[in-house]
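The structure appears right after this line, and notes come after that.
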Amino acid sequence: MSGGMALSFCGNSKDINAYSVDNGVLNNGCFVDALNLVPHVFLLFITFPILFIGWGSQSSKVQIHHNTWLHFPGHNMRWILTFLLLFVHVCEFAEGIVSNKVMVTNHLHLFMPAFMGFIAATTSVVYYHNIETSNFPKLLLVLFIYWVLAFITKSIKLWKFAEFHVGPQHLRFCITALLVILYGLLMGVEINVIRVRKYVFFASPQKVKPPEDLQDLGVRFLQPFVNLLSKATYWWMNPLIMGAHKRPIELKKIGKLPIAMRALTNYLRLKDAYEDQRTAEEPDRSPSIWRSMYRAFGRPILLSSTFRYLADLLGFAGPLCISGIVKYRNAKEDVAAEDKMKETYLGVYFMSSTELLQNSSVLAVLLFLALVLQRTFLQASYYVTIETGINLRGALLAMIYNKILRLSTSNMSMGEMTLGQINNLVAIETNQLMWFLFLCPNLWAMPVQIVMGVILLYYLLGWSALVGASVIVLLAPVQYLIATKLADTQKNTLEYSTDRLKKTSEILKGIKLLKLYAWENIFCDSVEETRGKELTSLRTFAFYTSMSIFMNAAIPIAAVLATFVMHHFINKTGPSPSEAFAALALFHILVTPLFLLSTVVRFAVKALVSVQKLGEFLQSDEIGDDSWRNGDISVSLDAGKKHPGMTKAINRKQPMRYQMDNYEQPTRRQMRPTETEDVAVKVTNGSFTWGNNLLTLSDINIRIPTGQLTMIVGQVGCGKSSLLLAMLGEMQTIEGRVYWSKLPDCEMVNEGNISKNRYSVAYAAQKSWLLNATVEENITFGSPFNKQRYKAVIDACSLQPDIDLLPFGDQTEIGERGINLSGGQRQRICVARALYQNTNIVFLDDPFSALDIHLSDHLMQEGILKFLQDDKRTVVLVTHKLQYLIHADWIIAMKDGSVLREGTLKDIQTHDIELYDHWKTLMNRQDQELEKDIQQDSQTTLERKTLRRAFYSREAKNQIDDEDEEEEEEEEDDDNMSTTTNRRSKIPWKVCWCYLSSGGFFMVFLMVSSKLLKHSVIVAIDYWLAIWTSSKTNQSADGGTMFNGTSLANSSNTTQPTSSTLEPENDSYYLPVFIILCAAGITLCLITSLTVEFLGLSAATNLHHNLLNKIIHAPIRFFDVTPLGQILNRFSADTNIIDQHIPPTLESLTRSTLLCLSAIGVIASITPAFLIPLIPLAVAFYFIQKYFRVASKDLQDLDDSTQLPLLCHFSETAEGLTTIRAFRHEARFKQRMLELTDTNNTAYLFLSAANRWLEVRTDYLGAVIVLTAAGASIWSLHYGVDGGLVGLGLTYALTVTNYLNWVVRNLADLEVQMAAVKKVNSFLSTESENYEGNMDASQVPENWPHDGEIKIQDLCVRYDPMLKPVLKHINAYIKPGQKVGICGRTGSGKSSLSLAFFNMVDIFEGKIIIDGIDICQLPLQTLRSRLSIILQDPVLFSGSIRFNLDPERTCTDDRLWEALEIAQLKNMVKTLPGGLDAVVTEGGENFSVGQRQLFCLARAFVRKSSILIMDEATASIDMATENILQKVVMTAFADRTVVTIAHRVHTILTADLVIVMKRGNILECDKPETLLEQEDGMFASIVKADM
């Protein structure tokens, strides 16, 4: 050791020779300290080389997952101990430095070893982590040696202290004792690792394998597997969140859930807890869901609550440290050095245990550490509850799903459990329970927090604090009241908005008709009226929201006001700065729990309701005793004998686990060892009910022969379908048995293999049920795909032409969210599914009901007789078509719920002649209908045609506008990554501005100014408080007794007389200003909260109004290319976001941003030095928010997009229960449900983990801000800044930590929500039709068009300037009163011509002149209101019949009745309740298609115009009605011009003039007789084909 170093290390006091070792080496304190350095230096020297070598070879680790694998025992214990060790080292270091200041010369040995110890401890944990991830346990020996050495050296030090009478009253003794304990514990941990892993001193080290999750590279959610530090800071998420910038996060990127979080794992946990409560003593007692939830998920909730309590307690460190810093920062260290030197042992000074806490720098560091820890614990608590909540949700969903699969059918049909209820359980109740779990630790943490806060306040300010606290507590119930009111208002709003949506969707569906009749505005007004009601209820909603925001902002101000005014009156003086600002910070802490408490209580109430609903659902009836259903219990034969109802359980299906391999089907032939058996199913004296004590089927004795075709016939409602379901076990058996033919005994032995698919029944229900999947998946339904078989099935059901029409063939999505198919198409797909399945028995329930005659025959011949009979499958067919009875092998005739006859057709012919004759007459009638049916074009071709029309318009749309994603994609195609990066992280300022400006400029100005004013007033209040309290300090400080914080009352007695005379005046001057400022602050809070909400409201009003008007007045082409769903989405989801979500987000964003800015402003103005460290902090903050916003948006999208399939899967299952159970596909559907749940949960978990990632980072930033602010204020001591102002700065710095993450979260939310504004905006830019025209409406004659003369000159028409013309240079002349027919192939431009009369399409050349006026010159309203048209598809609106015929209310009743009479509807309407005011349901569903078409005719007749255009109006009417129509048109419209566009040529053979069109040109135009004579003409050939 060189002299210089030595001198400074041990200090060189004059009187003590620091280096003398006369009294023994160990008795020199300095030597003992030097000895303590040895282990630290040893560790650093050994580990650094190893670490560097290790880091060099790091690149060889390829497998990403195992390096997060933590497998040394005592892992978490070691991390916790190390953190404690670091903390104690920091204390030791602080103590050393403070003691050193007391000494005359520097004694390095007081703090140097502590510093080295800190570095060594850090190194030890880094070293340990690297060893653990690379799995070299032998290197841990180094650490073991280090712990032992450190333990020994510290023990020596402690022993020497004790010898020299240093005791626990001295801080250094306590610290050393703590270190000894910690080193000892760490030594123990290390020994434990050796004991368990046996990596040294033992012959056979233990082999370890990573857990399953980490071997599977699909698991990307690493939170459970990383080390404590990474767990606390979410470090492992960095790559994901940073990477989101370059390319969006997709489902692949977030991978699978760890096993412990999967729905299946949690379902089993919850189910066990639930079932365990069913004891043997009370088997019927319903288990409590609460208790099972507690048993399954109680432990993590307790853990989370512990974290929460720790965080709350640490939260109070903030105010206390502030009070300390303000109190002690100008405490002069006047206490004579001699007093201090009394505490000298071993030649150095020892301080008492409390003295350290009176140093303001130490307090600042403590404050920082406390904040960091508090935030870490808080986020950990949030994370644990969220993870548990998600687990609970997965478990509940699986539980509900399993219950749905076992629900008794009667429950569903008798309406005890409607689909709506089930959907609510899934979408609402489970989510509410999840949210309750998120919030439930608050229920018991908050009261504790409040009580603690009040106690501390009392300790600081005495009784007056209780006044302020009581203000807060008393206002809490008011907040709860507001919260419940909010929930009610939201319900009302929801009712109005569903009503509005119904009206809107009706308008959009019938938009073509509305435009042709010029009725848009009438309907538009009715929507506006409903919207008005909705807005009234939204106004109340906005009012309550702003009240709740106001309460939250104003309560702390009111509390502070009450407290300080009371304090003034009780103590006659204001408080000291240290007390005042600690109190201020405490009030801020107290408000949050009280504000949240109302929310939490509300959620708790909701959760109680949800649990009750869930309990009722889980207790509801199930299907029979179905041990074979849930596959958990295997059933032995003896069990079957005890319960007569269970026989089928044994025979039908072997127990099934959750596996997919049950679906590999045995080959066909193997399954037929039982051909000796001739009965497949036998029912003996069965009586069945649907569970309402009424027998639906009674006295049933039937048998179904194996491999034959059995038909069940009978009248409507005689129980045919019920019989099928009874055989499937869906009904409740009152008596009797259903036998399914048994397996031979030899097969019972290896029951697993052959019998797998034995009694799965292919069943096609009467009401067709489709999955949300491709056509192919709907038909194969989980069976392996076999091309030949698939093709045969499709041909048998004649699906090929329909599949060819679909945009992607059989890969097109159909079902709820897919393409809408017609009834016949759906039914044929269901039948195809039944045919394709490889089962022995096929049940078909009336498969012909929605098919026309050709298809039925084809299906019967090809499908049932050929395809199924060739396979020797047992077929049971329910049908009304008696002409097929000749094909049946066995017939069951039913009547009124019992069997009338059973046997072959011959038996019935001989034994029951009456019945046979009855059938014969019915068959004749059916045959006549058959002939009639053949004359008219089949309904199938019509269905196909509408389908094709739908697609062509859609394909055109696909080319033009792909849901505003196009523009974005183009940018993404650039290889230049930076463009996407910029786009993805940019804040959509333009859209925000558009939103604000639609709220009105005055409102925007009001909002901005009131916000700024409010925040400046709040700052002013606190600033005034600072000046007020500081003024006290300065006066009393003259008395010299202030610094140690004795109460002000004493100090003012000792001050000079002058200042005591000043006191009262001062207070009388400060207090009123304070009261005025507080009052102003409260009023401004009210104003701002109201302006923001009402700004949002006026923006919502304007946006919706403009959107509705734009869309209703858009050209018809717009509706052809924009899918209806997309337009409706703007009116539902997007409008909802604009109405309810944007205003609160905007409010929260502006508030938190302004709070942060004002806080930073205040700190900077008090201590300008603070601005220097602010720059790097700001940069860090910028990057954090930039990365987070992008990632959060992606994850939110993923969460939304994975939620929909899950909800759909539930409702699908509930609808298709009988089918799923008949097919025995429960396990496959469960599997699918678990996959969907897990996917959604993964997205949600990542989303909440990303939120934690952000909050931890912003909280740490906030803590650094507090540290720098405290540092700056201590440092600025030399400039003599007032204590009050320092307190002010620190209080503000504390609030920043709370609000920083809100700024980012709200920004991210606002960005997602602004997308809604953007979408609405994109529609606002569509062109409207030109409604004005070039003529004034007044110039048009009243009775125009009176003759009905039409001249078409050189007419060219296109749908869009981008597209080719559809009519090219057409010339025609129609005389007044002529009846004209237009025909031609599909797509020849017939309908386009009819639209041209109404100026609905773009006429870019030529003109149409009606009665001397060019229609392009007319205002659209006038033109369209003077012509009439009957469209191909009849459109009726919900309302009354009167409203449908005459929405403008211009006609008399007589005129309406006359029109109805002409349309042959008068008698029918008379019988309806209410006559003309009878109700028409949505889309006119309560009338048949033919009747609807006749209503449309009546509608055209009410409008007495001289030109009528019929666009294929007779396509959906039967022959009889059509003949009537033709007659009516001839008589009632005798003197008017009628243009008929014909779908079937024979309707226009009687016309005066026929125009034949082809490809947009007129091919032939003459009288029909003349045209028929030209045999090679187009018209002649069309007529031939049609006849």
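Is it the case that ASN1136 is closer than 16 Å to GLU528 by Cα, open to solvent by 10 Å² or more (accessible area, probe 1.4 Å) and assigned to a helix (DSSP H, G or I)?
Taking the combined requirement at face value, the residue satisfies it.
Within segment 781-802, is even one residue part of a loop (DSSP other than H, G, I, E, B) and without any contact (Cβ under 8 Å) to a residue 12 or more places away in the chain?
Yes, segment 781-802 has at least one match.
Test PHE1501 against the criterion of being modelled with pLDDT of 80 or more, open to solvent by less than 10 Å² (accessible area, probe 1.4 Å) and assigned to a helix (DSSP H, G or I), and give yes or no.
Spelling it out, it is not the case that PHE1501 is modelled with pLDDT of 80 or more, open to solvent by less than 10 Å² (accessible area, probe 1.4 Å) and assigned to a helix (DSSP H, G or I).
Take the residues in segment 1458-1488 that are among the hydrophobic types (A, V, I, L, M, F, W, C) and closer than 23 Å to ASN1523 by Cβ; name whichever of them is surrounded by the fewest Cβ atoms within 10 Å (Cβ to Cβ).
MET1468
Just the residues that are part of a loop (DSSP other than H, G, I, E, B) and either under 20 Å from ILE386 (Cβ atoms) or open to solvent by less than 60 Å² (accessible area, probe 1.4 Å) (or both), please, taken from segment 246-276.
Once the filter is applied, which keeps residues that are part of a loop (DSSP other than H, G, I, E, B) and either under 20 Å from ILE386 (Cβ atoms) or open to solvent by less than 60 Å² (accessible area, probe 1.4 Å) (or both), segment 246-276 yields PRO248, ILE249, GLY255, LEU257, PRO258, ARG262.
Please determine whether any residue of segment 480-490 is of a type outside the set (S, T, N, Q) and either closer than 16 Å to ALA585 by Cα or free of Cβ contacts under 8 Å to residues at least 40 places away in the same chain (or both).
Within segment 480-490, one or more residues are of a type outside the set (S, T, N, Q) and either closer than 16 Å to ALA585 by Cα or free of Cβ contacts under 8 Å to residues at least 40 places away in the same chain (or both).
State the number of residues belonging to segment 472-494 that are charged (D, E, K, R) and closer than 9 Å to SER598 by Cα.
0
Please return the ranges of helices (runs of 4 or more DSSP H) entirely within segment 368-477 where 3 or more residues are open to solvent by less than 40 Å² (accessible area, probe 1.4 Å) and not aromatic (Phe, Trp, Tyr).
Fully inside segment 368-477 and qualifying: 409-413, 430-461.
Could you check how many residues of segment 558-572 are in a helix (DSSP H, G or I) and open to solvent by 20 Å² or more (accessible area, probe 1.4 Å)?
Residues flagged as in a helix (DSSP H, G or I) and open to solvent by 20 Å² or more (accessible area, probe 1.4 Å) within segment 558-572 amount to 9.
So the check is Cβ under 6 Å with 6+ separation or different chains; which pairs have a first residue in segment 1090-1106 that's open to solvent by less than 10 Å² (accessible area, probe 1.4 Å) and a second one that's not in a helix (DSSP H, G or I)?
Sorted first by the residue in segment 1090-1106, then by its partner, the pairs are LEU1095/GLY999; ALA1099/GLY999.
Residues in segment 140-157: is at least one free of Cβ contacts under 8 Å to residues at least 40 places away in the same chain, crowded, with 19+ Cβ neighbours inside 10 Å and part of a helix (DSSP H, G or I)?
Looking for residues that are free of Cβ contacts under 8 Å to residues at least 40 places away in the same chain, crowded, with 19+ Cβ neighbours inside 10 Å and part of a helix (DSSP H, G or I), one finds at least one in segment 140-157, hence yes.
Can you report the number of residues in segment 375-423 which are at pLDDT below 85 and small (Gly, Ala, Ser)?
5
Being closer than 23 Å to ALA370 by Cβ, open to solvent by 30 Å² or more (accessible area, probe 1.4 Å), of a type in the set (Phe, Trp, Tyr) and out of contact with any Lys or Arg (no Cβ under 7 Å at 6 or more places or on another chain): is that true of PHE111 here?
The answer is yes for PHE111.
Quick check on PHE72: is it of a type in the set (A, V, I, L, M, F, W, C) and more than 52 Å from the chain's Cα centre (by Cα)?
Criteria not met by PHE72.
Looking at (1) within 19 Å of the chain's Cα centre (by Cα); (2) open to solvent by less than 10 Å² (accessible area, probe 1.4 Å), which one does SER1211 not meet, given that it meets all the others?
Going through (1) within 19 Å of the chain's Cα centre (by Cα); (2) open to solvent by less than 10 Å² (accessible area, probe 1.4 Å) one by one, SER1211 breaks only (2).
Condition first: over 17 Å from the mean Cα position of the chain (by Cα) and among the polar types (S, T, N, Q). Now tell me which residues in segment 429-451 satisfy that.
Residues satisfying the conditions are ASN442, GLN449.
Going residue by residue through segment 87-105, is there one that turns out to be open to solvent by less than 30 Å² (accessible area, probe 1.4 Å), more than 28 Å from SER361 (Cα to Cα), among the polar types (S, T, N, Q) and out of contact with any Asp or Glu (no Cβ under 6 Å at 6 or more places or on another chain)?
Within segment 87-105 (the criterion being open to solvent by less than 30 Å² (accessible area, probe 1.4 Å), more than 28 Å from SER361 (Cα to Cα), among the polar types (S, T, N, Q) and out of contact with any Asp or Glu (no Cβ under 6 Å at 6 or more places or on another chain)), the answer is no, since none of the residues qualifies.
Exactly one of these conditions fails for ILE1350: (1) buried (at least 22 other Cβ atoms within 10 Å of the Cβ); (2) touching a helix residue (DSSP H, G or I) at 6+ places or on another chain (Cβ under 6 Å); (3) not charged (D, E, K, R). Give me its number.
(2)
So which pairs qualify, if the first residue must be in segment 1564-1587 and β-branched (Val, Ile, Thr), the second must be in a helix (DSSP H, G or I), the Cβ gap must be under 7 Å, and the two must be at least 6 apart or on different chains?
Listed pairs, sorted by first residue: ILE1582/VAL1545; VAL1583/VAL1545; VAL1583/LEU1572.
Could you check segment 217-234 and list, in sequence order, the residues that are open to solvent by 50 Å² or more (accessible area, probe 1.4 Å) and more than 25 Å from ASP1197 (Cβ to Cβ)?
Matches in segment 217-234: PRO224, LEU229, LYS231.
Taking segment 1413-1443 only, how many residues are within 18 Å of ALA1337 (Cα to Cα) and touching a residue at least 60 places away in the same chain (Cβ under 8 Å)?
Qualifying residue count, segment 1413-1443: 13.
Let's see how each residue does on (1) in a loop (DSSP other than H, G, I, E, B); (2) open to solvent by less than 40 Å² (accessible area, probe 1.4 Å); (3) among the aliphatic types (A, V, I, L, M):
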site	(1), (2), (3)
GLU1329	yes, yes, no
GLU1332	yes, no, no
LEU1355	no, yes, yes
PRO1361	yes, no, no
ASN1371	no, no, no
CYS1383	no, yes, no
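Would you confirm whether or not segment 1164-1180 contains a residue that is open to solvent by 50 Å² or more (accessible area, probe 1.4 Å), assigned to a helix (DSSP H, G or I) and under 30 Å from ALA1243 (Cα atoms)?
The answer is yes; a qualifying residue exists.
The values are calculated or read from the model by the stated rules, or taken from the named source; none is laboratory data. These numbers were taken from a predicted model, which means no experiment stands behind them. We place every Cβ from the backbone using ideal geometry, glycine too, and count neighbours over all the protein chains shown. Please note that ligands, DNA and RNA were not included when accessible areas were found on the heavy atoms of the full protein model with its side chains. Shrake-Rupley method; radii C 1.70, N 1.55, O 1.52, S 1.80 Å.
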